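Report on the following structure.
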Amino acid sequence: MDGSSEKRNRICKIDLAENLRVRRNADIEHERAVAMFDLLDENNFELVGGPPGPYQLTLAIEENRLAFDLRAETGDPIDKHVLPLTPFRTTIKDYFTVCESYYDAIKRLSPSQIEALDMGRRAVHNDGAQLLRERLDGKIALDLNTARRLFTLICVLHIRA
């Protein structure tokens, strides 16, 4: 990819259409904030067969489906991709479980035990990112780091009131 297409094929703005009544704990809120910051700082995102970006992206859960609402940098609608959430459920559940153990471990376990849990957390995170890339194949192309950050945001959206 040349430098100009790399600058175009990216997300320039991201929003989560989320239930504002949900109260997240500080750890999850921190993960959301970091994922959004890192995503906007560096990402590789391209609508396959569609116009080049940069794109505005709104992630939402609609009727038990994951929705990617894509707009041009100007805000004009481009496309919307909807994926079933079912394939993600086990990975999301596993990710929440391992994150909960990790955050608990930080408070009371040794560095080697924390490191082992962190490796497990990263592995589940990578599985979720790879699943997202597979489900979007042929529709949206993204690199692993972008997929990891989006998977984090999908997990945050998955939290219910």
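The values are calculated or read from the model by the stated rules, or taken from the named source; none is laboratory data. Since the structure is predicted, the reported quantities are computational estimates derived from the model, not experimental observations. Virtual Cβ from ideal backbone geometry, glycine too; neighbours counted across all protein chains shown. Surface areas here come from the heavy atoms of the whole protein model, side chains and all, with no ligands, DNA or RNA. Shrake-Rupley method; radii C 1.70, N 1.55, O 1.52, S 1.80 Å.
Just one of (1) assigned to a helix (DSSP H, G or I); (2) closer than 27 Å to A26 by Cα; (3) of a type outside the set (A, V, I, L, M) fails for R135. It is (2). Restricting to segment 21-60, and then to whatever is of a type in the set (V, I, T) and modelled with pLDDT of 90 or more, can you tell me which residue is nearest to N9 (Cα to Cα)? The extreme case among them is V48. Check segment 80-89 and report whether any residue there is free of Cβ contacts under 8 Å to residues at least 12 places away in the same chain and surrounded by 13 or more Cβ atoms within 10 Å (Cβ to Cβ). No: zero hits. Screening R71 on (1) under 16 Å from D15 (Cβ atoms); (2) open to solvent by less than 60 Å² (accessible area, probe 1.4 Å); (3) not in a helix (DSSP H, G or I) shows it passes everything except condition (2). Among the residues of segment 9-56, which ones are more than 17 Å from H158 (Cβ to Cβ) and assigned to a strand (DSSP E or B)? Across segment 9-56, the qualifying residues are I11, C12, K13, F45, E46, L47, Y55, Q56. When A129 is tested against (1) outside any helix (DSSP H, G or I); (2) without any contact (Cβ under 8 Å) to a residue 60 or more places away in the chain; (3) among the aliphatic types (A, V, I, L, M), only condition (1) is not met. I106 satisfies every condition listed in (1) of a type in the set (A, V, I, L, M, F, W, C); (2) within 20 Å of E29 (Cβ to Cβ); (3) surrounded by 19 or more Cβ atoms within 10 Å (Cβ to Cβ) except (3).
Only one entry of T152, T146 meets the criterion of being assigned to a helix (DSSP H, G or I), touching a strand residue (DSSP E or B) at 6+ places or on another chain (Cβ under 7 Å), open to solvent by less than 50 Å² (accessible area, probe 1.4 Å) and closer than 30 Å to P51 by Cα, and that entry is T146. Criterion applied to A105, A147, A123, A161 was being out of contact with any Ser or Thr (no Cβ under 7 Å at 6 or more places or on another chain) and modelled with pLDDT of 95 or more, and the one residue passing it is A147.
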